[in-house]
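Right, one structure below, let's go through it.
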Amino acid sequence: MQRRAFIITVLAGMLATGAGVLAQEGHPLKGSWIGTWTGNTVHGNDVLLVLTWDGKAITGTINPGTDNMAIKNASLNPDGWAVHLEADAKDKSGATITYVIDGKIENLAFHNRTITGTWKSQRGTGAFKIGRQ
Amino acid sequence: MTAGVRTIVGLVCAAWLLLSASGSAHHAIGAKFDDTKATTINGVVTLVDWTNPHVHVFVNVKDAKGQIVNWAVELESTVDLQRSGWSKDTVQTGDAVTVQGIVARNGTRQVYGRSVVLSKTGRQVLNVVPPVFKTPLQPRPTPKWPDGLPRLGQLPGGVGGYWGYPSSTVLAENGVNAPMDEYGQLKNVADASKVAPMQPWALALYENRQRRFLQDDPTYLNCKPPGGVRQFQQPYGIQFVEDRERQRIFVLLGGGNHNYRIVYMDGRSQTGQVGGDDDNPLYYGRSVGRWDNGTLVVDTRGFNEDFWFTNGGLPHTDQLHLVERFTRTDFDTLKYEVTVEDRGAYTRPWSSGWTLRWVGGEELPTYFCQDNRP
């Protein structure tokens, strides 16, 4: 059993090493992103972002189709690939919640790159991590 | 570990070496090999893998501990080697060879062979010999159709030919001095901002691609089409097929995944012209062409973002708009000029250009980047 596990481990590692990857193209933020904003008791742990770039501004929506939070302020600083996103939402009582997300693009070169950082609002704060689909 | 397990692990390792050696498409040499780390190996050939995108010769070499280890020697494509007079039988299993080259960046036993010498004869083999073209004393006139327009493709009488050997294989704005190799790898990444007027994010991304030695190029990684500009800088040329009856020009790609691009000459618009693809951005965009005093002017929009449109990895977005001008200045020369406009990635339109040479009497090389991939 240990032999089999060893061989499988070796094989899996080598296949992973030799596996092809999809490259990054276009603006690094453009695309659909899925992940989590941990500890978000208002809108749940899972989060979906759709972002685009028109040549001047980054726009998009958080949780399109359900919460439909329009991103009102977004920036990407190529020096360190720092991402800043802001969006307003309503809670069940109708009160406005402003989300502020700060993170950093990791694995820039890959199609399935990630943004890792934090989210915060009037109702809490936590870890934020999304991956490009 | 028992002998049985060692055997299995050994076989797995050998298979992995073979896969990783041959599984990547034709690529920038620097993406895989480190030209600052030269090596020389002496050994006996165990296998000649005569396939595209790269020929490999596997060599058993005695290492420092006296153990025999197998190295993969990567060479150019079968097309390049055959053009240079070599065949799959030039080197055979059992031949002793000395290989000089540069080693793989990932530390595996792979070397890009700059020189392979057969020990029994001392002859250098499997090297690429650049073609020699005979330039006529007087430029031959541009061949023309009966209506006076230049012929870009096949000549009267069905004599074949294609355009190849571009005078430049890299894209940079006209007048820029930013030295780079044939794959678009800058000699000095600090020159990146000179190459084209990029927006800050595009410049940073271009620098990132350069610092990674272009290893993320989707044309090489995933066999993606090269797009409008880059197709005229690929290794195996392009061929125009002028379908005058249907008012379109096909641009056939000799290398890459051997695909084609259509230039519509019937005055249609660029949107909604292809049934089913009305809103689907394309690798070659939607190209419409017209003749302007003997120059074919092609206007293209509607590109997707799934490819690099230049060797070297200049970024683009789906706002990319190309205006290309093709002028057959004489029988043997095609002048290519392009204006790049992309408000998503660049701060202003910019232009570049080069020439291609007519390769008469030949059809496009048979080369598919999909060859020998898992």
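The values are calculated or read from the model by the stated rules, or taken from the named source; none is laboratory data. None of the values given here were measured: they were computed from a predicted structure. Cβ: placed from backbone, ideal geometry, glycine included. Neighbour counts: every protein chain shown.
List of remarks:
- In region A:87-103, the condition of being over 24 Å from A:ASN68 (Cβ atoms) and in a strand (DSSP E or B) is met by no residue.
- Just one of the numbered conditions (1) under 25 Å from B:PRO235 (Cα atoms); (2) surrounded by fewer than 15 Cβ atoms within 10 Å (Cβ to Cβ) is not true of B:GLN92: (1).
- Annotation for region B:306-318: no member residue is away from every other protein chain (no Cβ under 13 Å) and in a strand (DSSP E or B).
- Failed condition for B:VAL79, given (1) free of Cβ contacts under 8 Å to residues at least 60 places away in the same chain; (2) in a helix (DSSP H, G or I): (1)
- Residues of region B:214-235 satisfying the condition of being in contact with a helix residue (DSSP H, G or I) (Cβ under 6 Å, 6 or more places away or on another chain) and either under 18 Å from B:SER167 (Cα atoms) or away from chain A (no Cβ under 11 Å) (or both): B:PRO226
- Selection status of A:ASN77, of a type in the set (S, T, N, Q), out of contact with any Gly (no Cβ under 7 Å at 6 or more places or on another chain) and under 30 Å from B:LEU214 (Cβ atoms): yes
- The set of residues from region A:27-63 being over 14 Å from the mean Cα position of the chain (by Cα), part of a loop (DSSP other than H, G, I, E, B) and either within 26 Å of A:SER93 (Cα to Cα) or of a type in the set (A, V, I, L, M) (or both) comprises A:GLY39, A:ASN40, A:THR41, A:VAL42, A:HIS43, A:GLY44, A:ALA57.
- Residue in region B:184-213 that is nearest to the other protein chains (Cβ to nearest Cβ), counting only those that are within 21 Å of the chain's Cα centre (by Cα) and polar (S, T, N, Q): B:ASN208
Residue-by-condition table, conditions (1) surrounded by fewer than 17 Cβ atoms within 10 Å (Cβ to Cβ); (2) among the acidic types (Asp, Glu); (3) away from chain B (no Cβ under 14 Å):
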{"residue": "A:LYS56", "(1), (2), (3)": "yes, no, no"}
{"residue": "A:GLY65", "(1), (2), (3)": "yes, no, yes"}
{"residue": "A:MET69", "(1), (2), (3)": "no, no, yes"}
{"residue": "A:LYS72", "(1), (2), (3)": "yes, no, yes"}
{"residue": "A:ASN77", "(1), (2), (3)": "yes, no, no"}
{"residue": "A:LYS92", "(1), (2), (3)": "yes, no, yes"}
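- On the stretch given as region A:96-122, residues that are within 14 Å of chain B (Cβ to nearest Cβ), under 16 Å from A:LEU51 (Cβ atoms) and either at pLDDT below 95 or surrounded by 16 or more Cβ atoms within 10 Å (Cβ to Cβ) (or both) total 5.
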